[in-house]
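Worksheet for the structure shown next.
The values are calculated or read from the model by the stated rules, or taken from the named source; none is laboratory data. Keep in mind it's a predicted model, so treat the numbers as computed, not measured. Heads up, the Cβs are rebuilt from the backbone with ideal geometry, glycines too, and the neighbour counts pull from every protein chain shown. Ligands, DNA and RNA are stripped out before the accessible areas are found, and what is left, the full protein with its side chains, is counted by its heavy atoms. Shrake-Rupley method; radii C 1.70, N 1.55, O 1.52, S 1.80 Å.
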Amino acid sequence: MSKKSVTDLNVESKKVIVRVDFNVPHKGDVITDDNRIRAALPTIQYLLDHNAKVILMSHLGKVDHKDPEKTEADKKKNNMAPVAVALQALLPDYKVKFVDATRGEALEQAVNELQDKEVLLMQNTRYEKGESKNDPDLGAYWASLGDLYVSDAFGSVHRAHASTVGIPTHLPSAVGFLIEKELKYLGKALDDPKRPFVAVLGGAKVSDKIGVIENLLEKADKVIVGGGMAYTFYKAMGYGVGTSLLEEDKVEVAAEFIKKGGDKLILPVDNVIANDFDNPTDIKVVPSCQIPDGYMGLDIGPETIKLFTEELAGAKTVFWNGPMGVFEKEAFAKGTIGVCEAIANLEDCMSIIGGGDSASAAKNLGYADKISHISTGGGASLEYMEGKTLPGIAIIEEK
């Protein structure tokens with residue numbers, strides 16, 4: 001599957017609609033992390049260099065359309081205007097315009113007045129109720145504003161929305177440089193990995209990762225499981241889990257994975273446990289099979305860090321998604337730090353972090369530059385590794 005790239009389009013003096021992922025963390029009018037805006041710059045810059053008129057669309061946060069009061073509050077909170085200011089600061093040599101509209105006269109006028117080498121950022125796509133429903137009329141209307149469509153919001157391509165699937169139904173389309181990079185790394189890991197290929201999966205719930213575990217048990221040489229979901233596996237093995245996070249309805253699924261995985265599936269052998277989540281007064285390390293009543297597992301233990309590091313040694317391809325414990329709390333961060341260090345120190349290895357909390361961990365710990373690729377889309381990268389079709393990619397024209 002080789003999708004058209006932005007470089008395959010003739011963009012000269014054309015109105016190019018680019019779906020970007022500017023869903024950035026913000027407090028009021030202040031953008032607290034502009035990484036996602038920076039990630040879109042190579043595609044925007046390419047279009048400006050080639051005299052395009054660039055129309056940017058993105059969502060920001062959630063907008064509840066059920067309750068009018070809540071809708072207004074969400075719109076106020078998730079207004080795109082501050083993002084335009086941040087983008088202008090990153091593109092000082094170009095004019096970045098903002099239009100506080102998602103349809104209608106003001107938007108159409110702003111589009112018609114757009115000159116070559118100018119950027120227009122539209123208001124939050126989720127102001128429109130039909131965005132998340134992929135309303136066909138909305139998709140057709142947005143498509144009527146441009147000549148070409150470029151998809152560069154990897155964090156949104158697993159959702160069939162009007163801005164990700166509706167618009168390219170009507171326009172010549174291609175992917176931007178960010179999505180190209182994502183597909184290169186994730187595609188290589190899934191379809192043609194250098195071996196040994198080791199997958200490390202953490203996070204809270206087995207239910208979030210069933211398809212991924214299933215697919216990676218087929219594709220990878222080892223699948224390491226840590227984080228909150230490990231306790232559902234312990235329960236399947238007949239261990240007591242105390243008050244640890246447990247998905248009772250997924251115990252049978254975990255038992256199936258243990259049977260199917262055999263030596264391929266690596267589980268923690270010890271855990272850091274505590275008597276309370278919010279105010280722990282007793283924290284200790286116990287073997288995984290000995291979590292007493294009244295205690296909850298909140299991280300992998302030192303023996304497990306050693307085991308996981310050994311299992312990762314010599315890996316040539318690694319995919320990691322999900323922390324090993326409650327890494328926001330210092331007392332339960334050692335497991336995530338240990339795994340991150342082990343992956344960062346691998347030599348001659350293609351290492352991929354599948355977005356989300358593991359990406360934050362790698363950045364916060366200062367290991368981001370030692371990882372081959374940090375995905376910009378947690379949900380999308382997981383669905384890709386599950387082998388699912390991503391609707392926002394599938395709709396794009398083939399080369």
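Using a Gaussian network model on the chain with a 10 Å cutoff between Cα atoms, which of Gly139, Gly176, Gly240 fluctuates the most? Highest fluctuation of the listed residues: Gly240.
3J(HN,Hα) couplings calculated from phi for segment 384-399 with the Karplus curve 6.51 cos²θ - 1.76 cosθ + 1.60 (θ = phi - 60°) are, in sequence order, 5, 5, 7, x, 6, 7, 9, x, x, 9, 4, 6, 6, 5, 6, 4 Hz; Gly and Pro show x.
Can you pull out the chymotrypsin sites (Phe, Trp or Tyr not before Pro) in segment 204-285 whose DSSP state is coil and whose Cβ has at most 16 other Cβ atoms within 10 Å? Spell out each step's value before the answer.
Details: sites: Tyr231, Phe233, Tyr234, Tyr239, Phe257, Phe277; in loops: Tyr239, Phe277.
Sparse-neighbourhood loop chymotrypsin sites (Phe, Trp or Tyr not before Pro): Tyr239, Phe277.
Charge dipole of segment 311-394 (Cα centre as origin; +1 on each Lys and Arg Cβ, -1 on each Asp and Glu Cβ, all else neutral): 80 debye, rounded to the nearest 20. Residues Leu171, Leu60, sorted by accessible area with the largest first, give Leu171, Leu60 [1.4 Å probe; ligands and nucleic acids excluded]. Distance from the alpha carbon centroid of segment 358-399 to that of segment 85-158 works out to 24 angstrom. In the chain, taking the dipole from charged Cβ atoms about the Cα centre, the farthest positive-side position among Met350, Ser244, Met80 is held by Met350. Roughly how many Å is it from the Cα centre of segment 300-318 to that of segment 254-281, as a whole number? Each part reduced to its Cα centre gives a spacing of 15 Å. Positive end of the dipole of segment 246-306, charges at C-beta (+1 Lys, Arg; -1 Asp, Glu), about the Cα centre: which of Gly262, Gly301, Pro287 has its Cα farthest in that direction? So the residue furthest toward the plus end is Gly262.
When restricted to Cα atoms, the chain yields an Rg and a Dmax of 22.8, 69 Å, respectively.
Largest first, what is the accessible-area ranking of Lys3, Lys363 with a 1.4 Å probe?
Values: Lys3 15, Lys363 100 Å².
Sorted by accessible area, descending: Lys363, Lys3.
In this structure His50 has an accessible area near 80 Å², from a 1.4 Å probe over the protein heavy atoms. Under a Gaussian network description of the chain, with springs only between Cα atoms under 10 Å, the residue in Val326, Val30, Val253 that fluctuates furthest is Val30. For the chain, the residue among Gly203, Ala362, Gln45 whose Cα projects farthest onto the positive side of the dipole built from Cβ charges is Gln45. Each residue was assigned an accessible area with a 1.4 Å probe, and for Thr169 the value is about 90 Å².
Could you tell me which of the pairs Lys259/Lys316; Lys117/Lys363; Lys306/Lys370; Lys4/Lys62 are separated by over 24 angstrom between their Cα atoms in the structure shown? Spell out each step's value before the answer.
Numbers: Lys259/Lys316 26 Å; Lys117/Lys363 33 Å; Lys306/Lys370 20 Å; Lys4/Lys62 31 Å.
Pairs exceeding 24 Å: Lys259/Lys316; Lys117/Lys363; Lys4/Lys62.
If you sort Leu183, Leu56 by accessible surface, 1.4 Å probe, largest first, the order is Leu183, Leu56.
Of Ala331, Ala189, Ala230, the residue with the greatest mean-square motion in the GNM of the chain, using alpha carbon springs below 10 Å, is Ala331.
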